[in-house]
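This report concerns only the one structure given below.
The values are calculated or read from the model by the stated rules, or taken from the named source; none is laboratory data. Every value quoted in this text rests on a predicted model; they were computed, and no experiment measured them. Methodologically, a virtual Cβ is constructed for each residue, glycine included, from the backbone with ideal geometry; neighbour enumeration extends over all protein chains shown.
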C-alpha cells in the first residue's frame with residue numbers, strides 16, 4: 001500500500017491557528033482536543049488518500065477532496081506522493097468565499 005506525505009499549505013496553517021485561537025477564548029481544553037482530532041484525521045490520509053468525497057469539478061486546476069471532522073471541513077488534493085492540505089474551515093462558512 002502506498003504511503004503519502006502530508007503537506008499543509010500556509011493558508012491551512014493559518015486556518016488551523018485561527019480556529020485554535022478562537023476556541024481558546026472559551027475553553028482551552030476544547031481547542032486542544034479539536035486540534036488533535038483534526039490532525040489525527042488528516043494523518044489517516046497517509047494510508048487512505050482517497051477515502052473522502054471528491055468534488056466533480058476542478059477548482060483553480062485542482063480536484064479537491066473534502067474531509068469532515070466534527071464541524072470543520074478539510075480541503076485537500078492528492079498529488080503523486082503528497083497530500084496537500086489547502087484549507088481547514090468551519091462548515092458554516094460560505095464556500096464560495098473560501099475556495100477560489
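Checking residue 13 against (1) modelled with pLDDT of 95 or more; (2) under 22 Å from residue 93 (Cα atoms); (3) touching a strand residue (DSSP E or B) at 6+ places or on another chain (Cβ under 8 Å), which single condition isn't satisfied?
Unmet condition: (3).
In this structure, is residue 70 surrounded by fewer than 14 Cβ atoms within 10 Å (Cβ to Cβ) and at positive phi?
Criteria met by residue 70.
Which of the residues belonging to segment 21-79 are at pLDDT 90 or above, under 17 Å from residue 90 (Cβ atoms), assigned to a loop (DSSP other than H, G, I, E, B) and over 14 Å from the mean Cα position of the chain (by Cα)?
Selection gives 25, 26.
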